[in-house]
Amino acid sequence: MAIGLLCVIGCLSGFLLFRKNVLKVEADLILHAVKVSVIIPARNEAGNLPHLLHALKIQTLEPYEIIVVDDFSEDDTQEVADSYGAKVIANTSLPDGWTGKNWAVWNGYLQATGDYFAFLDADIKLAPRALESLVKVRHKAGGVISVVPFHFTVKWVERLALIFNFLGVFAFTSPFEKNNPQKGLYGSCILTTREDYESIHGHESIKSEMLDDLNLGATFRRAGIAVTNFLGSGLVSFRMYPQGLKSQIQGFGKGAVLGTSKLRAGTVFLVALWVAGLLISESFFLFLHTSWWVPLFIGYLLYIVQIFYFVKYVGVFGVIMPILHVLSTLFFIFVMLYSIYQVVFLGHVAWKGRQVKVGSRR
């Protein structure tokens, strides 16, 4: 019974962590003369850019300007951006003390002339009313906002990210993070005003940080500027790491360990309970010939039901992966061990052909 209770407690922890703070269309607010500069850092994003740039062309709120920073791409990134009429900036050599994405975004800002800045990753997909909704929701919430995009998966291997996606959403929706002075932003989709951005010296203030989004949020908070995170639902989405398993491992591995240091103790505790309950329930097949397997299997079923409920707000992961969530858990464990190896033993992480130093080992 005690083992079954642990599974139930773990499952309940997930409900305490999850908040349906979904980005919505605010129909009652009228916008006047809003100038939004969209800044897109792009490194080998020729495959992703057409989707985003086309979506930006059909927004109900037309962007004031679209700036694509070509970060030494080896594909047709520049040509694709040019074909959609975007302003393309060739990034300059990375100076000492800067990480790649921070430098690219900063150079985009230096060329921007709008009153608002929308920092978007190249793999983002926007519904026609997304930009309008972002501006209206930011006006209502104040400060700076970011969106955790809804995750569309195509290949089966991409669905191994199920547990990582849930933990990421927990970190951004946990009630314990509401007043966290180190509250982070989700870097794929951020909207801020020029005034707020320049008051913290933007990405220059975090130029050496690998976890740019988390540290940028903390910098806004230290300046007394509110940070609010939303779920993208039907307005903001993406497809993460379509290049394959290697890119998934590197992508999740670069921040898996370091990201937890920014979270409040209450969030970490509840996440630990949720993961512990998950692991315990998934061990039921090891005890098939004992009396333990029944409560463990009931716990496993409870997690399946919970995952199917959460997945409506998190992404598309098919039917099989939520049922066989043990596969995603094994992937999660492997990536965490890989992340620990990079951070503790190597002092750097691999991402997009670059070796990025970890701050504590710089």
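List of remarks:
- Relative contact order (%) - criterion: Cα under 8 Å, at least six apart; region: region 26-147: 38
- Within the chain, helices built from complete DSSP H runs that reach 20 Å or longer along their own axis (Cα positions) and carry a mean Kyte-Doolittle hydropathy of -0.5 or higher are 2-17, 265-281, 293-314, 325-340.
- Summing charges over all other residues whose Cβ lies under 15 Å from the Cβ of residue 84, with Lys and Arg as +1 and Asp and Glu as -1, gives -4.
- Size of charge dipole - region 1-123 - debye, nearest 20, with Cβ of Lys, Arg +1 and Asp, Glu -1, no other charges: 680
- Restriction of the trypsin sites (Lys or Arg not before Pro) in region 89-188 to DSSP coil positions whose beta-carbon has at most 15 other beta-carbons within 10 angstrom yields 155, 178.
- For the pair residue 245 and residue 204, the difference between a 0.36 nm per residue extended length and the Cα-Cα distance amounts to 11.5 nm.
- Paramagnetic label zone (point 7 Å from Cα along Cα-to-C-beta, residue 279; backbone N under 20 Å) in region 164-189: 164-171
- FRET efficiency for the pair residue 178 and residue 139, taken as 1/(1 + (r/R0)^6) with r the Cβ-Cβ distance and R0 = 22 Å, rounds to 0.65.
- Note: relative contact order over region 124-195, using C-alpha pairs below 8 Å and six or more positions apart, is 54 percent.
- Dimensionless Rg/Rh of region 211-276 - Kirkwood Rh, Rg from C-alpha atoms: 1.02
- Between region 148-201 and region 206-221, the Cα center-to-center distance that results, in Å: 13
- Taking amide H atoms as placed 1.01 Å from N in the peptide plane, the amide H of residue 89 lies under 5 Å from those of 68, 69, 70, each 5 or more residues away in sequence or on another chain.
- Residue 49 sits among other residues whose Cβ lies under 14 Å from its own Cβ, and their net charge, with Lys and Arg +1 and Asp and Glu -1, is -4.
- Of all accessible heavy-atom area on region 1-127, the percent that carbon and sulfur account for (1.4 Å): 55
- Length-normalised contact order for the chain - Cα pairs under 8 Å, 6+ apart - percent: 24
- The local environment of residue 245, defined by Cβ-Cβ distances under 14 Å, has a net charge of +2 under the rule Lys, Arg +1 and Asp, Glu -1.
- Reachable lysines from residue 20, criterion Cα separation under 26 angstrom, eight or more residues apart if same chain: 125, 136, 140, 178, 183, 262, 312
- Ranking 152, 109, 171 by Cα position along the charge dipole of region 60-191, where only Lys, Arg, Asp and Glu carry charges on their C-beta atoms, puts 171 farthest toward the positive end.
- Amide H within-cut-off set for residue 231, under 5 Å, with H built and near neighbours excluded: 21, 22, 23, 148
- Rounded to 0.05, the FRET efficiency of the residue 90 and residue 51 pair, given R0 = 25 Å and the Cβ-Cβ distance, is 0.65.
- Spin-label model, residue 74 to residue 58: label points 7 Å out along the Cα-to-beta-carbon direction sit 3.4 nm apart.
- Averaging 1/r over every pair of different alpha carbons in the chain and inverting the result gives a Kirkwood radius of 21.2 Å.
- Placing pseudo-labels 7 Å out from each Cα toward the beta carbon at residue 33 and residue 152 gives an inter-label distance of 3.7 nm.
- J(HN,Hα) series, region 118-127, from Karplus relation 6.51 cos²θ - 1.76 cosθ + 1.60, nearest Hz, glycine and proline x: 10, 8, 10, 6, 5, 8, 6, 10, 10, 6
The values are calculated or read from the model by the stated rules, or taken from the named source; none is laboratory data. Values in this document were obtained by computation on a predicted structure and should not be read as measured data. For neighbour counting, all protein chains shown are included, and Cβ atoms are generated from backbone atoms with ideal geometry for every residue, glycine included. Accessible surface areas use protein heavy atoms only, side chains included; no ligands, DNA or RNA. Shrake-Rupley method; radii C 1.70, N 1.55, O 1.52, S 1.80 Å.
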